[in-house]
1. So which pairs qualify, if the first residue must be in the range 62-77 and touching a residue at least 60 places away in the same chain (Cβ under 8 Å) and surrounded by 15 or more Cβ atoms within 10 Å (Cβ to Cβ), the second must be part of a helix (DSSP H, G or I) and among the β-branched types (Val, Ile, Thr), the Cβ gap must be under 6 Å, and the two must be at least 6 apart or on different chains?
2. Test Val343 against the criterion of being surrounded by 15 or more Cβ atoms within 10 Å (Cβ to Cβ) and either of a type in the set (S, T, N, Q) or out of contact with any strand residue (DSSP E or B) (no Cβ under 7 Å at 6 or more places or on another chain) (or both), and give yes or no.
3. When you scan the range 216-325 for helices (runs of 4 or more DSSP H) that lie fully inside it, which ones turn up with 1 or more residues that are over 30 Å from Leu171 (Cα atoms) and among the hydroxyl-bearing types (Ser, Thr, Tyr)?
4. Anything in the range 45-63 that is of a type in the set (A, V, I, L, M, F, W, C) and closer than 17 Å to Phe195 by Cα? List them, or say none.
5. Just need a number here: residues in the range 16-58 that are surrounded by fewer than 16 Cβ atoms within 10 Å (Cβ to Cβ), of a type outside the set (Val, Ile, Thr) and assigned to a loop (DSSP other than H, G, I, E, B).
6. Counting just the residues of the range 87-114 that are under 16 Å from Asp136 (Cβ atoms) and not β-branched (Val, Ile, Thr), which one comes out nearest to the chain's Cα centre (by Cα)?
7. Quick check, is Thr251 over 16 Å from Ile325 (Cα atoms), among the polar types (S, T, N, Q) and surrounded by 20 or more Cβ atoms within 10 Å (Cβ to Cβ)?
8. Can you tell me which of Leu187, Leu165, Leu135, Leu224 is over 30 Å from Ala278 (Cα atoms), outside the structural domain of Gly46 (by TED's automatic domain parsing) and modelled with pLDDT of 80 or more?
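The values are calculated or read from the model by the stated rules, or taken from the named source; none is laboratory data. Quick caveat, the model's predicted, so the values are computed rather than measured. Using ideal geometry, Cβ is built from the backbone for each residue, glycine included, and neighbour counts are taken over all protein chains shown.
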Amino acid sequence: MQPVQNIQVGGRSAKSLYQVTMQGTDLDELNRLAPEFEKRVAAISGLRDVTSDLQIRSPQIFVDIDRDRAALLGITTDQIRSTLYGAFGSRQIATIYQPSNDYEVILEVLPEFRQNEQTLSSIYIHSNTGQLVPLDSLVTIHRKAGPLSVNHQSQLPSVTVSFNLAPGVSLGQAVDWINQVKTDMKLPPTITTSFQGTAQVFQDSLAGQGLLLMAAVFVIYVVLGILYESFIHPITILSGLPAACLGALITLMLFKTDLNVISIIGIVMLIGIVKKNAIMMVDVAIAHQRDKGISAEQAMHEACLLRFRPIMMTTMAAIMGTLPIALGHGAGAELRRPLGLAVVGGLVVSQLLTLYITPVIYIYFEKLSKMLKRQRGSELVHPAE
């Protein structure tokens, strides 16, 4: 039994949801280390349903050629291999052509002789002297268990260990635990491991999440800097983002929800929604300062009084729009719920803080801007000799 996911990542099917794959050039070494790796992963208390696609249960027969005896009788190893392939392989010796179809003629022993190694005593090989030599006098048979199938990935033999998560355990924790297992085992250089499917996508997305958020903030800063022709006021507008992100993270923690790709999308959306509050206040304050010639404190006070109602209306509309997603009702709601929680929590916290933080930061940055302008003007009037 395997639950069907709303978004199925990766084409590999396994008994559990997440997979980690071991690859190696030495098949015997891979088959020796894979069970130990599976055993250590299964011992982790936060993981469930640990299974592997390696099943060393197939009875196999290994044929060792006595090269010295074969050379003494004038028989080459190529003759022995060709004889074994002709008996137990799928050698095509002819093709029968018919008007409606073609039929391949395959040379092999009868099916009842393919199940027992005693058949080798009934197979003879011509020596260079023309004598018939029984095949079992030239080889030694060894029995042992082998894998039912040899899986490959990127043309290398591979073993995939799949696992599920215990309740309350995040995928990030599981990845760290498994990486620690790999470190403790001190795997040889010939053995490599990599996560597959959802676990691999998680690692790839985790590596780029910080860069994504930084790029979004940088683009917003550049656009606002061009809009206001200032290097300082974009920082005033972006000052509410830490409070919004903090609110989103706290909300996810309170509802015991992972920081996954869907919640990251919600935080990116939150960045665009939250900055409009500061834009509405800063835009009016700058216009009042420029048109009325009043101080920064008076301009921001008038901007707050004028823009309070639009800010509250737009924020409440955004919260009410995402609240049904955060409540998590309906089919597939567990997929969308992290997005709603991140947006609602971030908006609530940012709304409570930015109405007080943004005016203060604007006033101090405006004073800093005037001080820098005065300093630059004095340098132009009294240049250094």
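1. That search, which allows pairs on different chains as well, returns Ile65/Thr77; Ile65/Ile80.
2. yes
3. 233-238
4. Leu47, Val50, Leu54
5. 5
6. By that ranking, first place goes to Phe88.
7. Working: over 16 Å from Ile325 (Cα atoms): no; among the polar types (S, T, N, Q): yes; surrounded by 20 or more Cβ atoms within 10 Å (Cβ to Cβ): yes.
Here the answer is no, as Thr251 does not meet what is asked.
8. Checking each option against the conditions leaves just Leu135.
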